[in-house]
Structures are given as structure tokens and as C-alpha cells.
Amino acid sequence: MNVMLNLRAVKGRAYPRVIGALREPSWAFWDTFLPILSMAAYVYVYKSLNAPKEFEGFVILGGVMTTYWLNVLWGMASQLYWEKETANLQLYLAAPMSKMSILAGMALGGMFATTVRGVSIILVGVFVFQVDFVITNFWLLIAIFGITLVALYGMGMLFASLFLIWGREAWHINMLLEEPVYFLSGYSFPVKALGLSLSVAASFIPFTLGLDAMRQLTFPSMAEWGLLSPYLELAILVIMGTFLVLLARYALHYMENLGKERGTLTMRWQ
Amino acid sequence: MDAITCENLGRLFKSKKRTVEALANVTISVKKGELFGLLGPNGAGKTTLIKVFTTLLLPTSGTAHVYGYDVTKDEKKIRPIINMVSGGEYSGYGLLTVKENLWMFSQFYGIPGKEADRRITTLLNRLNIAHMEKRKLRTLSTGERQRVNIIRAFMTEPKVVFLDEPTLGLDVETARLIRIFIREWLEHDPDHTVLLTTHYMMEADELCDRIAIIHQGKIVALDTPQALKNMVTKEISLKVDVYPEIGLDWLHSLDGIIGFKSKEMGGKVRVRAVVDGEQVVGDVLAGINERGGKIQYLQKEEPTLEDVFLKLTGRGLE
């Protein structure tokens, strides 16, 4: 494998997303402002109930991770389908680099763009809602955050290949996945509140465990609401992330071969 | 070793309702340094053949090779040495500038940054769009965008370039510029090879060393443009403007008509026909008279590739 070629390809494909986040400030405003509105509603519910302040922090952290989930759904999973519509896909496929480089570039670029939004949400949480983050283990927090993103974007890479096979259905699947995942991941409440069986089911969504672990590490006084220990959650996320990335690699290869057999990698007019 | 070859190549597209034979027993061989044209109407199988050679589509029968590499097994060896451009292509990202888009695509071929910069600048100058390098892609016209696509394909210094209707919908000036560029690129290195598809007969005639005429997935003729035109030297190529518009179905059954096409032109109809001898010209003119048509313009012409196509398939290219 030509490592330099693939690293350059990752950089090349990440570039439009990084530029997109910086060149169009209006996008950043709407992508940050609108999620904050829905998040603020939950914060005010907790305020009105006189719930511990940490619950407001749970929502802020949930809001941050939700932006990544939305990016995975709309910026990763659907992306190859859109690339096909614009003729970029056939150019990617006919180029010599590994196609995983394209997905990795999309993921890294997407992470960067979404992190800009995530940081904005954290700042709103700290300065507008006066949420105190008490970080007990910084490096573990960073490791869990990083591995959660790997697992989450690994899922996005997998979906990208599958959605390409499913075509237009992808749009509906995205919409179908959006709200249930908000609920199951415990975006606005600790996932433990769902009970054991639902919590276990929810753990198959990568950011459920990641969010739960990060909440434990930033709001230690509410550790009782933690589902599993952060170390165990990290271990599960590592396994999940590795599995999803490998599965994505297989799915991409399978999709490419199937598309070459069926003639579905390009639009008929291309 | 030839640059591009295929033998008895076939491609079927199957759906629940029907099976379409896009390519049937196609055999061609393109030499290194050659500009080889595939001439045929829309839906003839030109794009399908390009997709097979560019490793985007598997053949259902036969074999295809690029630089000796099998398209079904050696895609990793083929992809670094080829590139492609399609007519009306909207690749790239509108948010990025022309130069940024080109740089991005250069990275997919592993070209180091400074070298990519050098190649992009040279080609932007060659195609007269250096002043647009900082413009966002979405602000370009179709012709400007196609020049960018051409640069995208040639900056990777491929050995073989596949051009699928590269001048489709372009203004005369841009199309001419692109044709000159392609010819110069070929002359720059004896190993450079181009496979070009087009349904513009003038383009095929002007550019190509050899031409394969493709119709309904089959190669119906293959030779140099002049040799193809020689196929119709015994016949007469006729252009007639008739007014008012009259029905022309009777031409189908007229003895000696090899092929014809007609085009309505605001109250009159232009007929282009290849006929077998002077006697048939008289029969055509008499037939028009009998049906109330008047001859506004009549010309016997030098045969063109379109006449060859008419002779071989009985229909026009467009």
C-alpha cells in the first residue's frame, strides 16, 4: 500500500470540509444556533423542576455529541450517494488511492467542522447556562471522546457504503434513525434512566456509551447515573470502533464490486 | 503492446423488466500515441465502453486491457496511468476555488504539493483560465468548468485519457481550444493515447487518427476518417431544402436510398440523403415534386462521416 498516496488523499478529501467550516460563517451560525435552541428547551425544563445543575450539563454534553451524530448521518452516511449525483464518485473510484482514504478524509474533515460547532455549544453551556464541568481524568476523557468519534464515524463510513447501494432510500433511513437515536442515546437525560434492557440495546449506538462515560468524567457528583465504569465503556468503544471501521472497509469493497457488476456506480448520463 | 484493447467485449444491463445489450462483441485495438474516436449517437454504447476501460464497470463477456492490464483484475495498475473527462461533468465542490479543486484531485494521485502547484499553474495558462484560479467553482460557466475538468484529468500526467463527449454543449471557441490542447498533448509524448467518444462528426473527422463507428452496441466500421469516407464515394451525398414541409416516409421505400435523415426548419424541411447513383437523385426530386414540395436548395456534397453513418445504419447521428 502506498502510504503517502493515501495520506495525501485523506488530506485532499478533508480539505473541502475544513474550508466549508471556515469559509461560510453563516453555516456555522445556523448549525450552532438552531441546535442550541432545542437544547435550551431541555435546560429550562430541568431549571423549572429545580433539578441538580448537573442535569443541565448532561444536556449540554448531549447537544455536543448530537452534532457529531447529525454530521455522521447527513455528512457521512449520505455523502457517497451525493457524490454519485455530482459525478465525483466515479472520479474517486477511478483514482489510484484506497477508497477508505476518501471516507477517512470525509470523516476527519467532518470532525473538524463539527468540533467548531461543538465548542460553540460548550461555550454557550459555560457562559449562558453557567454549567460547571469538573473534569476528574482529563486524558481518559480525551481518549473516550476520541474513540467515540472513531466508532461513530466508523458507523458513518459503513452507512456511506450501504446507502450507496440503497440509493434514494438512504434519505428516509436517515430521517428514520435521527429521532430514535436522540432518544436511545440519552441525549437529554442519563441513559441509565431507560432501564437495563433498553440501555443495553442503546449501547450499540457508539455515542451512547461515549456520552455516558464523558458525563461521568465531567460531572463526578452524578456518577450514580453512570451505566458502566468509564474504563469498561472505553474498552467496549475500542472494540466497537475497530469492528465498525473493518466492517466499513469490507462494505466499501463489496459495494464497489457490486456496483461494477450492476453498473450502478455512476448515473446513467455520466 | 497496444494501449487499449478489447476482444468480443459484451455488456448486458439486466433489470426486472428487461435486459439491454449495451455492448455486443466489441473488438478494438488502440495503438500507443493514437487518438482513437468512437463515433455514434446517444445510447450507442460509447460511455459504457469507456466505463469498462476506466474500471468502473465489469464486462459480462469478452476481455478488455489497458496497457496490457486486465480491467477485471489489474485495476490497481490501470488507475494510476489513466484519467477521464465527461461532457457536462459537474465534479468538484462549488465552495472551493478552481485551484483548490484541482489541488484536491491532485492529492488523490499522490502528487506532492509543489509539483501539483506547478502543473496546475502551467495547465491553467495553457487553457487560458489562469486569471480564474481564485474563483469559486460554482461561479464558472459550463465552458470554463469544462476547461477545469480537462486540467483535472491531464495534470496527473496519465498515459491514456478517456474523453467522453468532452466538447458537449460548449461554445465554439472553448471546443476549439480543447481540441487544440488534446492534439498538442498527444504530440508531446509518443506514448500518450486518447480514446474519445463523440457524436460530432466534424470533431471526429478533425481530431481522430482512426474512428470506430458504434451503433446499438456494435462496431459497424473501423478505419481512418478518409478510408471511412471512401466507403461512400460511389454514392452521392445529397442535401435538399424543401418547402413547404411535406411528409417524407415514402423515401424509406424508394429504391436506391441508402440512408436519409430530415430536419424541420421553420416551414421547410432539410433532407440529407445518401443515394445510390444519379438516377436516384432524379427519383428523389420527382417524388418531392409529386407531393407538392418545391426545391429551395440542392447540393451534392463531399461525403462526410455522417454519410458513412447513414450508409451503415440507415439513420443520422443526432
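The values are calculated or read from the model by the stated rules, or taken from the named source; none is laboratory data. Since the structure is predicted, the reported quantities are computational estimates derived from the model, not experimental observations. Methodologically, a virtual Cβ is constructed for each residue, glycine included, from the backbone with ideal geometry; neighbour enumeration extends over all protein chains shown.
So here's what we get for this one:
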read-out: Residues within segment B:239-264 that are in a strand (DSSP E or B) and among the hydroxyl-bearing types (Ser, Thr, Tyr), tallied; value: 2
read-out: Residue list for segment A:182-196, filter: part of a loop (DSSP other than H, G, I, E, B) and over 18 Å from the mean Cα position of the chain (by Cα); value: A:PHE189, A:PRO190, A:GLY195
read-out: Subset tally (residues that are touching a residue at least 40 places away in the same chain (Cβ under 8 Å), crowded, with 21+ Cβ neighbours inside 10 Å, over 25 Å from the mean Cα position of the chain (by Cα) and part of a loop (DSSP other than H, G, I, E, B)) for segment B:87-131; value: 2
read-out: Condition check for A:THR86: surrounded by fewer than 19 Cβ atoms within 10 Å (Cβ to Cβ), within 14 Å of chain B (Cβ to nearest Cβ) and free of Cβ contacts under 8 Å to residues at least 24 places away in the same chain; value: yes
read-out: Test: B:PRO41 is modelled with pLDDT of 95 or more, in the same structural domain as B:GLY217 (by TED's automatic domain parsing) and either among the basic types (Lys, Arg) or not in a strand (DSSP E or B) (or both); value: no
read-out: Lone qualifier among B:ASP255, B:ASP171 - being outside the structural domain of B:ARG11 (by TED's automatic domain parsing) and surrounded by fewer than 19 Cβ atoms within 10 Å (Cβ to Cβ); value: B:ASP255
read-out: Residue within segment B:293-306 that is modelled with pLDDT under 85, closer than 27 Å to B:PRO166 by Cβ, in a loop (DSSP other than H, G, I, E, B) and of a type in the set (Ser, Thr, Tyr) present; value: yes
read-out: Within segment A:212-270, tally of residues that are touching a strand residue (DSSP E or B) at 6+ places or on another chain (Cβ under 8 Å) and in contact (Cβ under 8 Å) with a residue 24 or more places away in the chain; value: 1
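A quick yes/no check of all residues on (1) within 20 Å of the chain's Cα centre (by Cα); (2) away from every other protein chain (no Cβ under 14 Å); (3) not in a helix (DSSP H, G or I):
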site	(1), (2), (3)
A:ARG215	yes, yes, no
A:SER221	no, yes, no
A:LEU228	no, yes, yes
A:TYR231	no, yes, no
A:ILE239	yes, yes, no
A:HIS253	no, no, no
A:LEU258	no, no, no
A:GLU261	no, no, no
